């Protein structure tokens with residue numbers, strides 16, 4: 001993939017990934033075949049800010065964890081009243097990073 | 001989630017849960033109410049689906065299963081989780097196995113099936129209605 005496309009992807013999708021992962025993503029995109037460009041563009045990523053709002057509103061029931069795909073943790077959070085309320089608050093700070101991690105994992109799987 | 005992260009989190013949650021149950025057991029034994037940690041209950045005044053779980057677990061420990069079922073049926077699932085998972089993880093760590101991690105992965109895969117997840121949500125909703133019904137003295 002040429003540098004222009006990789007840079008464009010980084011510019012438009014930077015908010016979905018952890019900042020320290022961006023150089024690695026760019027490198028990976030440069031090594032990837034041009035035929036995967038359309039697929040990379042069509043992946044739907046989760047919005048970290050939206051996940052934070054969901055976590056604030058429904059984190060007590062584990063909804064944030066269910067949406068990310070951590071089903072086991074979602075069940076644990078739901079059954080324990082959001083980890084006695086503590087886990088709910090801790091997740092307000094963790095969920096954006098976890099969403100970005102999940103987005104990176106999704107991209108990595110598609111580029112593999 | 002990596003094996004290390006899962007084991008750390010589950011062990012921490014399991015042991016914290018056991019400490020909380022012992023605290024509640026002592027408090028409820030003295031006929032005192034344990035501290036209410038449910039944010040949803042404090043904000044809305046209504047019980048959440050898992051409210052009453054600790055009361056239910058204490059009833060299970062007293063052998064009063066019918067009472068436990070009436071207080072919150074999820075208490076049985078929580079009791080199993082708190083009683084089994086920390087020791088399962090410790091056994092895994094001692095014998096250097098990953099049986100809990102494999103079980104957790106297959107459980108997540110099972111729950112990701114949309115029909116299974118819909119049934120799970122329905123059950124939780126029924127328990128929630130039961131809790132609200134009890135709170136409003138309908139039941």
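Read the figures in this text as sums done on the coordinates, not as results from a lab. These numbers come from a predicted model, not from an experiment. Cβ sites come from the backbone with ideal geometry, for glycine too, and all protein chains shown count toward neighbours.
Structural remarks
- As a length-normalised measure over Cα pairs under 8 Å and 6 or more apart, the relative contact order of region B:3-135 settles at 29 percent.
- For A:12, A:99, order by how many other beta-carbon atoms lie within 10 Å, fewest first: A:12, A:99
- Cα centroid separation, region A:34-66 to region B:18-50 (Å): 33 Å
- Whole-number Å³ per residue for the convex hull built on Cα positions in region B:3-135: 129 Å³
- Note on chain A: with a GNM built from Cα contacts shorter than 10 Å, the maximum mean-square fluctuation among A:84, A:52, A:29 falls on A:84.
- In region A:45-112, Cα pairs under 8 Å separated by at least six residues give a relative contact order of 37 percent.
- Considering the protein assembly as shown, its Cα convex hull presents a mean projected area of 16.0 nm².
- Exposure proxy ranking for B:94, A:86, based on other Cβ atoms within 10 angstrom of each Cβ and starting from the fewest, stands as B:94, A:86.
- For region A:3-111, the share of alpha carbon pairs falling in successive 5 Å distance bins from zero is 2, 13, 22, 19, 13, 11, 9, 6, 3, 1 percent.
- Prolate/oblate/rounded label for region B:60-135 (Cα gyration tensor, a/c 1.5): oblate
- Label-point separation in nm, residue B:94 to residue B:134, each point 7 Å along Cα→Cβ: 3.5 nm
- On the principal axes of its alpha-carbon atoms, region A:1-55 has extents of 37, 22, 13 Å, going from largest to smallest.
- Label zone at residue A:93 (point 7 Å along Cα-to-Cβ), backbone N below 20 Å, region A:24-54: A:48-54
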